[in-house]
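**Q** After the C-alpha cells below, expect a handful of questions from me.
The values are calculated or read from the model by the stated rules, or taken from the named source; none is laboratory data. Please read these numbers as outputs of a predicted model, since none were measured by experiment. Ideal geometry is used to build each Cβ from the backbone, glycine not excepted, and the neighbour counts take in all protein chains shown.
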Amino acid sequence: MLNYGDTPIIVKRVTAPALNAFWRRVPLRRGIGGGCYLSGDPVLAGGEANTLGEMVSEKLEYLGRTLNARAADTATEIAVAVRAAMNRLASKGQTGAAAVYIDTEAINLLVSKVTDACQFAFNLTESTGPEVLGPITYFAGRVEKIISDEVRSKMDRLGIPPDLAARQFNILLGDLQNRKNRLLDDYSHGMMGNNQLKKDPIVNVINNLTNSPGSIQQVGIGDKFSQAAFTQNHNALVGAIDRALASPEFAQLKQDQKDAFSDTAAVVKEEAVKSQPDVGKLKRWGTRLVELSKDIGMKVAAAEIVQLLNSMFGG
C-alpha cells in the first residue's frame, strides 16, 4: 500500500495493455478507504506483472516524496514573499495597499506551485487519472492552507482595521479555493490553461494562468528559457548576487530593506546554483529581485541581474 497524506493507493495486478500505456489504459477501481488500485485479468506471467507493478509503485512513491518536498518549500516561499511585499510597500509609504498586493502574491504562488506540480506529475506518469489526481489534489490543498495560514498570521501587522482585514482575508480564501479547484479540474481533463497537457515542459504556463500583467512583463524578461544559456550564465548570476550583497549600495540600505533583498536574493541564488533549476521559480523570484533592487535604489545590481536573466529567458 502506498500513502500520500490520508489517501491510500493500493497497487495490484495489471493487464497486458499496461505494457505500453499502463497509466492511461489500465482500469481503476476503488480500493480500501477510498483509495484506488490497478486491477484486471492476470494475463501476464507472475514475474512480468510484479515488475510492472513495482514500476507503478516506484513512480507513485516518487511523486509523493516530491510533492511533500514542494509543499514544504511553499512555506518558505510565501513567508519570504509576504515579508518582501510588506517591506517594499513600506519603503514607498504604501502600507494601505499591502493587503491587496499580498493577496495577489498569494494567488500567484498557489497557481505557480499547483501548475508546476501538475506538469511534473504528467511528465512523470503521462496520466491524469485518479491514481495521480489524488496526490495532486492533496498537495494543492496543503499549498492552499500553508499560504492562507501565513497571510492570516500577518494580517494584524498591516495597519488596517480588524473588520476590514477579516473581510479581505475571507475574499482571499475564496479566491485561493476557486483558483485551486479550476486548476485541478483542468488537470483532470488533460488541460493546463488554454493548452492540452503535453509531456514537454510548458515554460510560459504560469503567465498564461495568472492572467495578470505581473512583474515579469514590467522588467522585460522573456518567455523562452534556454538551458544552454543558463548553464553558461548561472555562475555569473550567483556572482552578481554576491557582489550586490557586498556593495556600497547594499551597505547604505535600512535594515528592513537589507532583509528583504537578502531573503529574495537567497531564493534566486538557490536556483542559480543548480544544474537544472525550477524555471518558474527562477523567473518569478528573479523578477522580484530586480524590481526590489530598483525600488530601494540598487540600480547597478538591478541592471546586472536583469541582463543575466534576459540571457537565460530571451528578453
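**Q** What pairs come out if I take residues in the range 242-263 that are among the charged types (D, E, K, R) and pair them with residues that are not in a helix (DSSP H, G or I) whose C-beta lies under 6 Å away, six or more apart or interchain?
**A** Partner pairs satisfying both residue conditions: E249/M298.
**Q** A further question follows. Looking at (1) within 21 Å of the chain's Cα centre (by Cα); (2) surrounded by 18 or more Cβ atoms within 10 Å (Cβ to Cβ); (3) closer than 20 Å to E77 by Cβ; (4) modelled with pLDDT of 90 or more, which one does Q177 not meet, given that it meets all the others?
**A** Result: Q177 passes all but (2).
**Q** Considering only the range 261-277, how many residues are in contact with a helix residue (DSSP H, G or I) (Cβ under 6 Å, 6 or more places away or on another chain) and either of a type in the set (D, E) or modelled with pLDDT under 85 (or both)?
**A** 2
**Q** Kindly indicate the residue of the range 131-154 that is among the charged types (D, E, K, R) and free of Cβ contacts under 8 Å to residues at least 24 places away in the same chain and also farthest from L63 (Cα to Cα) among those meeting that condition.
**A** Our first condition is that a residue be among the charged types (D, E, K, R); within the range 131-154, this holds for 131, 142, 144-145, 149-150, 152, 154.
Within this subset, residues satisfying the condition of being free of Cβ contacts under 8 Å to residues at least 24 places away in the same chain are 145, 149, 152.
Numbers: K145: 20, D149: 25, R152: 30 Å.
Ranking the qualifying residues of the range 131-154, first place goes to R152.
**Q** Residues in the range 270-300 that are touching a residue at least 60 places away in the same chain (Cβ under 8 Å) and more than 21 Å from F250 (Cβ to Cβ): how many?
**A** 6
**Q** A303 fails exactly one of the following numbered conditions: (1) touching a residue at least 40 places away in the same chain (Cβ under 8 Å); (2) surrounded by fewer than 20 Cβ atoms within 10 Å (Cβ to Cβ); (3) of a type outside the set (D, E). What is the number of that condition?
**A** (1)
**Q** Pairs please, first residue from the range 101-130 and at positive phi, second anywhere and among the small types (G, A, S) and assigned to a helix (DSSP H, G or I), Cβ atoms under 9 Å, 6+ apart in sequence or on different chains.
**A** Cβ pairs passing all conditions: E126/A21.
**Q** Something else: How many of the residues in the range 172-200 are more than 21 Å from S148 (Cβ to Cβ) and either assigned to a loop (DSSP other than H, G, I, E, B) or in contact with a Leu (Cβ under 6 Å, 6 or more places away or on another chain) (or both)?
**A** Matching residues across the range 172-200 total 9.
**Q** Restricting attention to helices (runs of 4 or more DSSP H) lying wholly within the range 218-305, give those where 3 or more residues are under 30 Å from L67 (Cα atoms). Quick ask: steps written out before the conclusion?
**A** Details: elements: 227-245, 248-251, 255-272, 279-295.
By residue number, 227-245, 255-272, 279-295.
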